[in-house]
1. I'd like the full set of residues that are assigned to a helix (DSSP H, G or I) and within 22 Å of L27 (Cβ to Cβ), limited to segment 209-222.
2. Restricting to segment 7-24, and then to whatever is in contact (Cβ under 8 Å) with a residue 12 or more places away in the chain and over 17 Å from M220 (Cβ atoms), can you tell me which residue is surrounded by the most Cβ atoms within 10 Å (Cβ to Cβ)?
3. If I ask for residues that are out of contact with any Lys or Arg (no Cβ under 8 Å at 6 or more places or on another chain), surrounded by fewer than 20 Cβ atoms within 10 Å (Cβ to Cβ) and in contact (Cβ under 8 Å) with a residue 40 or more places away in the chain, which ones from segment 318-342 would you list?
4. Kindly indicate which of G326, G336, G322, G304 is among the small types (G, A, S), in a strand (DSSP E or B) and more than 18 Å from A252 (Cα to Cα).
5. Might you check whether a residue that is among the small types (G, A, S) and more than 26 Å from E152 (Cα to Cα) occurs anywhere in segment 33-47?
6. Look through S312, S318, S306 and report the one residue that is hydroxyl-bearing (S, T, Y) and over 29 Å from T189 (Cβ atoms).
7. Just to be sure I understand, how many residues within segment 44-75 are within 19 Å of K262 (Cα to Cα) and surrounded by fewer than 19 Cβ atoms within 10 Å (Cβ to Cβ)?
8. Against the definition (on the phi < 0 side of the Ramachandran plot, over 19 Å from the mean Cα position of the chain (by Cα) and touching a residue at least 12 places away in the same chain (Cβ under 8 Å)), how does F236 come out, yes or no?
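Please treat every number below as a calculation from the coordinates, not as lab data. Given the structure is predicted, the values throughout are model-derived calculations rather than measurements. All Cβ positions, glycine included, derive from the backbone under ideal geometry; neighbour counts span all protein chains shown.
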Amino acid sequence: MKEIALNNVHIELGAKMVPFAGYNMPLQYTGVTHEHVAVRSGVGVFDVSHMGEFIVRGSEALDLIQRISTNDASKLEIGKVQYSCMPNGKGGIVDDLLIYKLGEEVYMLVVNASNIQKDWDWIQKNNNFKAELQDISDRTTLLAIQGPKAAEAMQILTEINLAEMVYYTFEKGKFAGVGNVLVSATGYTGSGGFEIYFDNEDAEKIWAAVMEAGKPFDIMPAGLGSRDTLRLEKGFCLYGNDIDDTTSPIEAGLGWITKFTKDFVDHELFLKQKEEGITRKLVGFKMIDRGIPRKEYQLNDSEGNSIGIVTSGTSSPSLKVGIGMGYVTKALSKIGTEIFVEIRGRQLKAEIVKLPFVK
């Protein structure tokens, strides 16, 4: 089991630690709902240092990235970030990722913790270009400072104008007295805020500074539990749940990051799906009957016939109702369609709704 740089700090704070993707990670501190509400209304900080970071550089770095990813990275300028995914050559997804343009021939790819080795091997396998790869995952700490008060709370720590940073852009600069920190206007909560990347050796200093600066704003440490409920309320896909090696970006509603103006792995297959249609689709649904949907629960039609499965589900702290996402047959994927979730042998009524659940 790997330990992140701030492992002992989280234990001292009373975090409930759990194994996740080969790392010992904080699941919660004061409780999932408490932490969720703090991020939605104020500011919270997540340690997500288990994520993977690869540097790709060289005269053909962009060519490699264009080949392995669905989005058009040629549109990136230095200081911009892009959400994308990597097809697996069989119509599925190796991983979803963020692509940062650090310099003219230098990029950073941020991948999911559970896929670090798989992603590395896949990119290396496809590296028929003049591109050099470097895995900096084990030496990098990543904090996600999220919530509507994040910019105001953290401004004291940096000269970077946080309030004016545009979504999906980044700047490098001093943060909490530490140089060369990458501050990114990204995050997976849908409540605004930043993700900051820096060397492990500065982790305790920066964590302490973030918590101190956030005190007047009632900052709270938050764990993986509330990160999951926050992303689900926004309808964000989670790899291993809503997307995986068997799902295509077209089926998953990720057509917006699938650009057919360039060539990439599975280009022809995904184009065919876009033009000819798909047989299943990822949808969001809200419970009508009282119940909490969970991963792998069966979804049925009014006759009791299986139409799909739940990929993510929870009780929404914001809406106080069960919500979920799942793949259903295309014919029953329209908004307003009544479906049933099979929970402990009971058929509980739900309705397909437009994502996100929380605006």
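1. First pass over segment 209-222, keeping only residues assigned to a helix (DSSP H, G or I): 209-217.
Of everything in segment 209-222, those that are assigned to a helix (DSSP H, G or I) and within 22 Å of L27 (Cβ to Cβ) turn out to be V210, M211, G214.
2. Here is the first cut: in segment 7-24, the residues in contact (Cβ under 8 Å) with a residue 12 or more places away in the chain are 7, 9-10, 13-16, 18-24.
Then drop every residue that is not over 17 Å from M220 (Cβ atoms), which leaves 7, 18-24.
On the way: N7: 20, V18: 14, P19: 11, F20: 16, A21: 16, G22: 13, Y23: 18, N24: 17.
Per the criteria, the residue is N7.
3. The answer is E342, and nothing else.
4. On the way: G326 fails: more than 18 Å from A252 (Cα to Cα); G336 fails: in a strand (DSSP E or B); G304 fails: in a strand (DSSP E or B).
Just one listed residue meets the conditions, G322.
5. Of the residues in segment 33-47, the ones among the small types (G, A, S) are 38, 41-42, 44.
Filter again for more than 26 Å from E152 (Cα to Cα), leaving none.
No, segment 33-47 contains no residue that is among the small types (G, A, S) and more than 26 Å from E152 (Cα to Cα).
6. Details: S312 fails: over 29 Å from T189 (Cβ atoms); S318 fails: over 29 Å from T189 (Cβ atoms).
It is S306.
7. Taking segment 44-75 first, the residues within 19 Å of K262 (Cα to Cα) are 59-75.
Then keep just the ones that are surrounded by fewer than 19 Cβ atoms within 10 Å (Cβ to Cβ); that gives 59-60, 63, 72, 74-75.
Residues meeting the conditions: 6.
8. Numbers: on the phi < 0 side of the Ramachandran plot: yes; over 19 Å from the mean Cα position of the chain (by Cα): no; touching a residue at least 12 places away in the same chain (Cβ under 8 Å): yes.
When the stated conditions are applied, F236 does not pass them.
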